[in-house]
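Worksheet for the structure shown next.
Taken together, the values in this text are just the output of simple stated rules run on the coordinates, not laboratory data. These figures come from a predicted structure and were not determined experimentally. FYI the Cβ positions are ideal-geometry reconstructions off the backbone, even for glycines, and counts take in every protein chain you see.
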Amino acid sequence: MYKFVLILLSVVGMVTASCAQQRQENMKKEQSNPKILVAYFSATGTTARAAKKLADVTGGELYAITPAQPYTSADLDWHDEQSRSSVEMNDSKARPALKGRKENIADYDVVFIGYPIWWNLAPRIINTFIESHDLKGKTVTPFATSGGSTLAESATSLKKTYPALNWKEGRLLNHTDEQSIRAWLDELEY
Ligand SMILES: Cc1cc2nc3c(=O)[nH]c(=O)nc-3n(C[C@H](O)[C@H](O)[C@H](O)COP(=O)(O)O)c2cc1C
């Protein structure tokens, strides 16, 4: 009987150890092979093209952040103070509605968020996206396209508005090739 208990205990011990090892291996695998989402908003297609390149290089899944009401060219007229984009960007509390949500956001470890620079900032729909999805515990990395502005002010503003998120250093992806995207990803250690 005593022998039997000893054998049983050592079998249980071996099974437990192998489960722990398996768990550790799975965790390592998850860390070295994160699940990546490339979410982007694009009003006229430029950011969409940059997002596609980023998704190709990272192997991440592309997701278009889509406004419930699409932006017309009149909406995008920055010379008009009354245009929809001007009105939204003048109101830090504006939260244009989304057409839908990314339901399985919990599945991703890394979320890239792309947008066109509007008035040196991220369009307000990016705030809507962030506030409609639980991004806590994920690494969140902004990227953008612009007519010449840098990413800096928009990234600083996002970090300040959402300090609980784990922000990584973003990039402007104007005219970016695969090689420079790879160099950035190396810096990010993805
Ligand atoms: C309302 C509005 C505001 C903009 N503000 C800026 C700006 O402050 N700085 C800049 O460099 N480009 C600005 N742009 C240009 C866009 O950032 C640029 O064209 C971008 O690549 C467009 O991306 P999309 O085609 O994905 O919408 C603005 C464009 C619009 C429509």
Task: Loop-resident sites, segment 46-100, for GluC sites (Glu not before Pro), counting at most 10 other Cβ within 10 Å (DSSP) - done: Glu81
Open item on the list: Please list, by residue number, everything in segment 148-165 whose backbone N is under 17 Å from a paramagnetic label point 7 Å out along Cα→Cβ of His175.
Closed with: 148-151
Task: Summed residue charge, Cβ within 13 Å of Leu165's Cβ, Lys/Arg positive, Asp/Glu negative - done: +3
Task: Net +/- balance of residues flanking Ala152 in space, Cβ distance below 12 Å, scoring K and R +1, D and E -1 - done: 0
Task: Pairwise FRET efficiency - Glu81 versus Glu187, Cβ, R0 = 41 Å, nearest 0.05 - done: 0.55
Task: Separation of the Ser157 and Ala64 label points, Cα + 7 Å toward Cβ, nm - done: 2.5 nm
Task: In segment 101-190, the trypsin sites (Lys or Arg not before Pro) that fall in loop regions by DSSP, at most 12 other Cβ within 10 Å - done: Arg101, Lys136
Open item on the list: For a quick check of your reading of the filter: which chymotrypsin sites (Phe, Trp or Tyr not before Pro) in segment 73-137 sit in a DSSP loop and have no more than 12 other Cβ atoms within 10 Å?
Closed with: Trp78
